[in-house]
Amino acid sequence: SRGLGDVYKRQHLRFWWRACIAARYTTADDLFKAEETIWGSTAVPGLLTVGVDTIDAGLEVSPQAPGQPGYALFPFQENRQKNTPMAYGRTGVSFRLRVGLGTVVDDGKRKEAAEAASAAVWAWLSFGGIGARTRRGCGSLFCDDARFRPDPRMAPAAWLRQIAERHVAKGSRSLPIPTLSGARLVAGRKTDAMQSWRRTVELMGEFRQAPVGRAHGRIPGRSH
């Protein structure tokens, strides 16, 4: 599938590339020039091309299905007052992401582009997602390629730190954009992915809606 899906995933990759590399630059102009060289702009073609092939469209899943964390999925539920029907998500979706060199370049540029692509894909798979509500855990990604999944011989946190040392630039963090430089990694005990998701969402809900968030009265739409 070409077109919008390709553009959408390219934007994800650009975001996570910036999150990995931005600390290396002190001005927005310098960062933009580097991004333009690799990912392109409306004026300049980039070194990298991005394509997407859908392998499996997956199955529809209701936000009210048993085991789903309701606090993360409430925007998808039916709202009769607003005449909004229930929105269904999809599970088991799989696709092939193709990242390649758009033009013939010298070895230095080829290496730079390959490192940029690897960093962006790693960060997207590790911390990002696709679709709506990714900051609430929806659309989480998994890649079966050994380069992008945890080494079974290492603890996941140790593996993430090792890969981060390779992909995340150290620097001043002077630009006001999200960056992984200087971030802290917090890892708990190994659990089932759905169990971890539900518990994390429950903690967020308790903090924002329970005694702390609503300490001064339940004002719709507002949390303290």
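Give me a count of the residues in the stretch 51-66 that are among the charged types (D, E, K, R) and loosely packed, with under 12 Cβ neighbours inside 10 Å.
Taking the stretch 51-66 first, the residues among the charged types (D, E, K, R) are 53, 56, 60.
Adding the requirement that they be loosely packed, with under 12 Cβ neighbours inside 10 Å leaves 56, 60.
Selection size over the stretch 51-66: 2.
Within the stretch 152-166, can one find any residue that is within 17 Å of Leu97 (Cβ to Cβ), open to solvent by 80 Å² or more (accessible area, probe 1.4 Å) and either of a type in the set (Val, Ile, Thr) or touching a residue at least 12 places away in the same chain (Cβ under 8 Å) (or both)?
Here is the first cut: in the stretch 152-166, the residues within 17 Å of Leu97 (Cβ to Cβ) are none.
For the stretch 152-166, residues within 17 Å of Leu97 (Cβ to Cβ), open to solvent by 80 Å² or more (accessible area, probe 1.4 Å) and either of a type in the set (Val, Ile, Thr) or touching a residue at least 12 places away in the same chain (Cβ under 8 Å) (or both): absent.
Considering only residues that are in a helix (DSSP H, G or I) and closer than 18 Å to Lys33 by Cβ, which ones fall in the stretch 100-110?
Residues of the stretch 100-110 in a helix (DSSP H, G or I): 107-110.
Scanning the stretch 100-110 gives Gly108, Lys109.
Just to be sure I understand the filter: pairs with C-beta atoms under 9 Å, separated by 6 or more residues or on different chains, first member in the stretch 98-112 and more than 24 Å from Asp145 (Cβ to Cβ) and modelled with pLDDT of 85 or more, second member open to solvent by 90 Å² or more (accessible area, probe 1.4 Å) and assigned to a helix (DSSP H, G or I). Which pairs pass?
Between residues of the stretch 98-112 that are more than 24 Å from Asp145 (Cβ to Cβ) and modelled with pLDDT of 85 or more and residues that are open to solvent by 90 Å² or more (accessible area, probe 1.4 Å) and assigned to a helix (DSSP H, G or I), there is no close pair.
In contact (Cβ under 8 Å) with a residue 40 or more places away in the chain and open to solvent by 80 Å² or more (accessible area, probe 1.4 Å): does that describe Lys170? Walk me through how you get there before you give the answer.
On the way: in contact (Cβ under 8 Å) with a residue 40 or more places away in the chain: yes; open to solvent by 80 Å² or more (accessible area, probe 1.4 Å): yes.
Yes: the conditions hold for Lys170.
Could you list, in sequence order, all residues of the stretch 103-151 that are open to solvent by 40 Å² or more (accessible area, probe 1.4 Å) and in contact with a strand residue (DSSP E or B) (Cβ under 7 Å, 6 or more places away or on another chain)?
The answer is Arg110, Ser140.
Kindly establish whether Ala183 is hydrophobic (A, V, I, L, M, F, W, C), modelled with pLDDT of 85 or more and more than 18 Å from the chain's Cα centre (by Cα).
Numbers: hydrophobic (A, V, I, L, M, F, W, C): yes; modelled with pLDDT of 85 or more: yes; more than 18 Å from the chain's Cα centre (by Cα): no.
Against the criterion (hydrophobic (A, V, I, L, M, F, W, C), modelled with pLDDT of 85 or more and more than 18 Å from the chain's Cα centre (by Cα)), Ala183 does not qualify.
Farther than 22 Å from Arg166 by Cβ, at pLDDT below 90 and buried (at least 20 other Cβ atoms within 10 Å of the Cβ): which single residue out of Arg2, Arg10 fits that description? Quick ask: steps written out before the conclusion?
Numbers: Arg2 fails: buried (at least 20 other Cβ atoms within 10 Å of the Cβ).
That would be Arg10, the only listed residue that is farther than 22 Å from Arg166 by Cβ, at pLDDT below 90 and buried (at least 20 other Cβ atoms within 10 Å of the Cβ).
Tally up the residues in the stretch 16-28 that are open to solvent by 60 Å² or more (accessible area, probe 1.4 Å) and modelled with pLDDT under 95, please.
Keep residues of the stretch 16-28 that are open to solvent by 60 Å² or more (accessible area, probe 1.4 Å), which gives 18, 24, 26, 28.
Keeping just the survivors that are modelled with pLDDT under 95 gives 24, 26, 28.
Residues flagged as open to solvent by 60 Å² or more (accessible area, probe 1.4 Å) and modelled with pLDDT under 95 within the stretch 16-28 amount to 3.
What are the pairs with Cβ atoms under 7 angstrom where one residue, in the stretch 36-50, is among the β-branched types (Val, Ile, Thr) and the other, located anywhere, is part of a loop (DSSP other than H, G, I, E, B)? Sequence gap at least six, or different chains.
Cβ pairs passing all conditions: Thr37/Gly46; Thr37/Leu47; Ile38/Gly46; Ile38/Leu47; Thr49/Gly102.
Mind listing whichever residues of the stretch 40-62 are assigned to a strand (DSSP E or B) and over 30 Å from Phe74 (Cβ atoms)?
If we filter the stretch 40-62 for residues that are assigned to a strand (DSSP E or B), which is where we start, we get 48-56, 59-61.
Those that are assigned to a strand (DSSP E or B) and over 30 Å from Phe74 (Cβ atoms): Leu48, Thr49, Val50, Gly51, Asp53, Ile55.
Restricting to the stretch 77-96, what's the tally of residues that are in contact (Cβ under 8 Å) with a residue 24 or more places away in the chain and either outside any strand (DSSP E or B) or open to solvent by 50 Å² or more (accessible area, probe 1.4 Å) (or both)?
To start, the set of residues in the stretch 77-96 that are in contact (Cβ under 8 Å) with a residue 24 or more places away in the chain comprises 86-96.
Filter once more, so that each one left must be either outside any strand (DSSP E or B) or open to solvent by 50 Å² or more (accessible area, probe 1.4 Å) (or both): 86-88, 90-93, 95-96.
So the answer is 9.
How many residues does the stretch 117-144 hold that are within 15 Å of Gln11 (Cβ to Cβ), touching a helix residue (DSSP H, G or I) at 6+ places or on another chain (Cβ under 7 Å) and assigned to a helix (DSSP H, G or I)?
4
The values are calculated or read from the model by the stated rules, or taken from the named source; none is laboratory data. All values derive from a computational prediction rather than experimental measurement. All Cβ positions, glycine included, derive from the backbone under ideal geometry; neighbour counts span all protein chains shown. Areas reflect the complete protein model, heavy atoms only, side chains present, ligands, DNA and RNA absent. Shrake-Rupley method; radii C 1.70, N 1.55, O 1.52, S 1.80 Å.
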